[in-house]
1. Please identify every one of the trypsin sites (Lys or Arg not before Pro) in region 57-155 that sits in a loop by DSSP and has no more than 12 other beta carbons within 10 Å of its own beta carbon.
2. If you add up the charges near R121, with Lys and Arg at +1 and Asp and Glu at -1, over every other residue whose beta carbon is less than 10 angstrom from its beta carbon, what do you get?
3. Calculate the dipole size of the chain relative to its Cα centre from +1 charges on Lys and Arg beta carbons and -1 charges on Asp and Glu beta carbons; express the result in debye to the nearest 20.
4. Given region 10-212, report the % of alpha carbon pairs whose separation exceeds 28 Å.
5. Can you check what the net charge comes to around R365, using other residues whose Cβ is under 10 Å from the Cβ of R365 (Lys, Arg +1; Asp, Glu -1)?
6. Test of understanding: express the Cα radius of gyration of region 217-399 as a ratio to 2.2 N^0.38 Å, with N the residue count.
7. Evaluate 2.2 N^0.38 Å with N set to the residue count of region 74-192, then give the Cα radius of gyration divided by it.
8. Would you kindly derive the ³J(HN,Hα) couplings of region 182-187 from the backbone phi angles with the Karplus curve 6.51 cos²θ - 1.76 cosθ + 1.60 (θ = phi - 60°), listing them in order in whole Hz, with x for Gly and Pro?
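Nothing in this text is a laboratory measurement; each read-out follows from the coordinates by a stated rule. What you are looking at is a predicted structure, and each value in this text was computed from that prediction instead of being measured. We place every Cβ from the backbone using ideal geometry, glycine too, and count neighbours over all the protein chains shown.
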Amino acid sequence: MDADQFKADVTYDDVYVLFLDASGYSSIVQRNPRDRAAHAFDLLRLRLIARIEKVARDLGCARAELWSWRGDGGFFILHDDNESVTRDVTLIAGRTILTEDVPRLREELEAAEFAGELRLRLAVHKGPIRLPADRLASIHSPHINFAAHLEEAVPPDRLAVSDAVHRVAGPFTGEFEWVGVFEEQQVYLMRTAGEGEAGRRTWLRSTGLPGGVRVYGYPRRPSQQDKAHLVSTASEHLLDLGTTLNSCSNRLITTDRPAVYRDAVLDFLRRGGTYRCVLLDPASEATAIFSRLRGEQLAPKIKESLARFKKFKERHAADTERFEVHQAAEFPGMAALCADPGPHSLILYSPYLLGIGPAAAALDRADMPHYFATPDSGDLHRTLDAAIARATRPEVLERVL
């Protein structure tokens with residue numbers, strides 16, 4: 001492609017931006033020798049360029065250029081004074097890349113014993129764009145930024161277009177299905193032959209429902225190594241909230257080596273931090289109710305945890321002045337380990353999955369889903385922080401150690 005097709009410092013209207021990115025790039029690199037992985041992505045780049053060039057040439061598109069490539073993907077910019085030509089080239093090329101070029105390349109790589117499956121995400125948006133004189137300079141365009149963000153949200157082996165493109169899709173309109181809203185733009189996925197799921201379902205699997213925030217989910221309780229990592233990030237306060245804190249108290253007096261969690265807690269205390277444990281009062285009504293819901297006797301487990309906490313303080317008396325244990329009169333509804341509670345806290349939490357009857361105790365606490373929220377979680381983080389603050393307010397706590 002001729003790099004001089006687009007003139008510098010000229011604003012072009014209705015430029016089509018086609019972003020493409022290989023899904024699972026890091027996994028492919030890890031599973032193949034470096035030269036083989038590099039060769040695969042070189043082949044991908046060459047096939048994409050060849051496809052765009054061919055369709056642009058066949059339809060007489062004035063300008064079509066690969067502007068940037070970063071190893072596993074990049075973006076093309078396309079323009080013709082007749083917008084319908086630009087549209088046709090972009091959408092035909094995108095469809096053909098997904099249905100012909102990538103499957104064919106997969107077959108070649110599989111025959112060459114390439115580990116992993118090459119999958120591609122494509123996104124198309126359009127708008128006025130002014131190109132810089134220096135190809136290495138960034139193009140400051142909200143349209144390119146949106147296309148880049150949209151590509152990251154597209155499910156593998158699918159092509160998404162923005163509402164701006166769909167409004168002028170003309171003969172291609174029937175090939176697209178509305179799937180949702182992304183950054184205030186309506187989004188449509190191209191239907192492809194043999195797709196496993198409908199577009200809307202695929203889109204929701206990839207992006208979640210609108211208004212979602214970043215939260216990391218885990219199918220069960222993270223390991224003591226992971227929780228120790230969280231402890232090490234705290235600067236002043238750690239709050240460990242739960243019903244019995246059985247696992248926490250066990251880890252603090254374990255005879256197993258290495259005692260990763262205990263070592264992290266002691267290091268935090270030596271740095272001048274305060275570690276506050278909050279568990280249920282074994283004699284409280286909340287404990288009795290939760291015991292019935294869980295189908296187990298929790299009061300004895302709480303008392304055992306209190307005994308272990310006491311043993312931990314006695315064994316490490318020189319370092320545990322700031323180690324506190326409190327009993328709560330109210331059921332917290334969740335377990336949580338918080339580094340520096342407040343607006344900047346990191347919160348590992350697990351809502352209690354409750355039931356009534358024998359089935360209530362079928363799922364062990366360690367097997368309940370856990371989630372990790374940060375200030376980047378927005379309103380969800382603020383809600384969690386407020387809920388934890390309410391569960392640990394002074395009037396419902398009694399310090400016992």
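1. Listed in order of number, the matching sites are R70.
2. Around R121, the charge tally is -2.
3. Once rounded to the nearest 20, the dipole reads 1600 debye.
4. The calculated P(r) of region 10-212 puts 25 percent of pairs beyond 28 Å.
5. Value of the local net charge: +1.
6. 0.98
7. Expressed relative to 2.2 N^0.38 Å, the Cα Rg reads 1.14.
8. 9, 6, 6, 10, 5, 10
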